[in-house]
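What follows is a single structure, written as structure tokens, with notes after it.
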Amino acid sequence: MKNRCQVFEKSIGLYIIVLITLFYSCAEDKGNYDYKAVNEVIVTGVTEDTSVMRGEVLNIHPVIGRSLQASEEGLEYSWSLAGKEIGTNRDLAYFVPETLNVGKYDCRYVVTDTKNGMKYFVDFNVNVVSNFSWGYYFLCEEPDQSAVLSYFSSKEGTTECLHATKIGDYALGKQPKAIIDHFGNISSLNDYFYSFNIITSQGDNPVIMTNNGAFMPSGLINDQSFIYEGDTFNPTDAVYMLTDAVYYVSNGKIYSYNSGLLYRAAKHDKEYYWSNPASAYTYVYVFDELSKKFYILKNQIDDPALGLVSDPYALDRVVEIKNQPSYEGQTIIHKYVSRAHVMSMATAQTGKINLISFEYIDFKKATEEEPAVNEDGHLLEMETLPLAGADADTKGVLVAENDWYFVVGNKVYTTPVLKPTLADFVTLPDDIGKPVAVAVSAKETQLIIATYDAGSPKEYKGSFAIVDLMSKEVTLHRNVMGKCVVAKGYDSVIFYIGEPSRINTLLISLKKLYLHVNQYSGKDKKIIC
């Protein structure tokens, strides 16, 4: 027992000696560790989100500071976009190629201090946007009939047009005919844009699809697009239905386009040569150049007794419109189909404007017992208004389903849809050439009037005027493009998804409904929309 206690006492003593030694060792430490303060790099002046157009130079000038001593000696730099290095200079001057897809890219700026190997990172985003975006679009024809798409930005201060002869790597064809569009394409930036198809009658790709967000080809239609062999594609016009189905008129026939393919031509029991399609529903109003009449084209209905089978991809059924007027000597200058199944149309002839409307009613759907459809297509009304100077070159447009506007020479006239009466609206300068195309802006607050002066000595003989429909102010842009065939106003985002005048249609319908009810109530109240 005594020996064990002696061993324990010796152990305790040894531990005490070790602790005392450690204590004195720490007390004698004079701080011989070689700590040096790092002259850190501080980067500012790089915006977290920035935007740049394709074909422009992205310039970024960072501010570089140091935590201790101001010096940039020994620093190396690297700029990267989507993981790919695009610059090694202190400041960035990067030419954004036209081939770079529109979208938002993750970018990084790295500063390396070569003296100590430390790296400093700044992360930011770059939105690459198309230089063709929100503005006015003009499909023009050169003297050799080749197509040029001219664009004038709606940004304040813009003075010049941009001109494109191809979309991406695909050249526009010859004999430009039309631009058809619909609003609602969603871009990679989750913004809404107009999708539109550029139609030319000749070329490797008579139809090139794009939008004013990316302005890159999203689809091509040519002879190889046919499901069945033997057809050639020479489109002159097209129409979007409410269902987003597209029908093209080519060589006087009408073809549906689905899933990237052109279907067979619609089959009829007699010969027609179609033109001037218009639609806002699941059928098409279309003009026959042979009989000089409008018809309605629909999907055929099933009728086993007659051997008729419905084909959802072809407008095989022809419906006559009763009581049509003669169109002899008239030029169709505008047509529009409302959600009320009414087609409003304006034609021009020497010294006259004709306002015509057709109505189509399908008031009973086909059943298995009764395959026939009860329907009625008829002339709703026609009004002829004298207008001095009116002829085949007269241009016109319907705005918000409320008012017609016509351009004759350098004069603009207007008339309401209800109780038509022509009145002077504005007078354009008489030295900008003759009107060749008229359109309405996205929000239907402006007229876009393209003109052409064949005798102008300028390089660009085409001009255009923007007419404010409220103030009647006229803004001119002279000699900025070629000879316009079609004008379009994709100058702003509209506040709902659909046709620009859909809300106006609803308001007009509500007013009409109120007046109808009021007629029987005997009360005189106001409705405000």
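Quick check: is even one residue across region 47-64 assigned to a loop (DSSP other than H, G, I, E, B), modelled with pLDDT under 80, under 32 Å from the mean Cα position of the chain (by Cα) and under 30 Å from residue 133 (Cα atoms)?
Scanning region 47-64, I find no residue that is assigned to a loop (DSSP other than H, G, I, E, B), modelled with pLDDT under 80, under 32 Å from the mean Cα position of the chain (by Cα) and under 30 Å from residue 133 (Cα atoms), so the answer is no.
Say whether the condition of being surrounded by 21 or more Cβ atoms within 10 Å (Cβ to Cβ) and more than 17 Å from the chain's Cα centre (by Cα) is met by at least one residue in region 117-125.
Among the residues of region 117-125, not one is surrounded by 21 or more Cβ atoms within 10 Å (Cβ to Cβ) and more than 17 Å from the chain's Cα centre (by Cα), which makes the answer no.
May I ask you to say which residue of 329, 307, 252 is without any contact (Cβ under 8 Å) to a residue 12 or more places away in the chain and either open to solvent by less than 60 Å² (accessible area, probe 1.4 Å) or over 19 Å from residue 238 (Cβ atoms) (or both)?
The unique qualifying residue is 307.
Residues checked against (1) within 26 Å of residue 180 (Cα to Cα); (2) of a type in the set (Val, Ile, Thr):
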position	(1), (2)
344	yes, no
358	yes, no
378	no, no
384	no, yes
389	no, no
402	yes, no
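Kindly indicate the residue of region 257-289 that is of a type in the set (S, T, N, Q) and at pLDDT 95 or above and also most open to solvent (accessible area, probe 1.4 Å) among those meeting that condition.
276
Could you grab me the full set of residues in region 310-325 that are open to solvent by 80 Å² or more (accessible area, probe 1.4 Å) and either part of a loop (DSSP other than H, G, I, E, B) or without any contact (Cβ under 8 Å) to a residue 12 or more places away in the chain (or both)?
Step one: filter region 310-325 for residues open to solvent by 80 Å² or more (accessible area, probe 1.4 Å), giving 312-313, 320, 322-323.
Once the filter is applied, which keeps residues that are open to solvent by 80 Å² or more (accessible area, probe 1.4 Å) and either part of a loop (DSSP other than H, G, I, E, B) or without any contact (Cβ under 8 Å) to a residue 12 or more places away in the chain (or both), region 310-325 yields 312, 313, 323.
What are the residues in region 93-126 that are farther than 22 Å from residue 72 by Cα, of a type in the set (S, T, N, Q) and assigned to a strand (DSSP E or B), if any?
Correct list: 125 only.
Is one or more of the residues making up region 93-104 open to solvent by 30 Å² or more (accessible area, probe 1.4 Å) and either touching a Phe, Trp or Tyr at 6+ places or on another chain (Cβ under 6 Å) or farther than 30 Å from residue 167 by Cα (or both)?
So far as region 93-104 goes, no, none of its residues is open to solvent by 30 Å² or more (accessible area, probe 1.4 Å) and either touching a Phe, Trp or Tyr at 6+ places or on another chain (Cβ under 6 Å) or farther than 30 Å from residue 167 by Cα (or both).
So, of the residues in region 169-204 that are out of contact with any Leu (no Cβ under 7 Å at 6 or more places or on another chain), at pLDDT 85 or above and among the β-branched types (Val, Ile, Thr), which turns out to be nearest to residue 143 (Cα to Cα)?
199
From 388, 392, grab the single residue that is over 25 Å from residue 137 (Cβ atoms) and either touching a residue at least 24 places away in the same chain (Cβ under 8 Å) or in contact with a Ser or Thr (Cβ under 8 Å, 6 or more places away or on another chain) (or both).
Result of the check over 388, 392: 388.
Give me the pairs, please: first residue somewhere in region 61-74 and free of Cβ contacts under 8 Å to residues at least 24 places away in the same chain, second residue anywhere and hydroxyl-bearing (Ser, Thr, Tyr) and open to solvent by 50 Å² or more (accessible area, probe 1.4 Å), beta-carbon distance under 9 Å, and either six or more positions apart or on two chains.
Short answer, once both residue conditions are applied: 63/44.
The values are calculated or read from the model by the stated rules, or taken from the named source; none is laboratory data. Because the structure is predicted, anything quoted here is derived from the model rather than measured. Because the Cβ atoms are built from the backbone with ideal geometry, glycine has one as well, and the counts that use them run over all protein chains shown. Accessible surface is based on the protein model in full, side chains and every heavy atom, while ligands, DNA and RNA are left aside. Shrake-Rupley method; radii C 1.70, N 1.55, O 1.52, S 1.80 Å.
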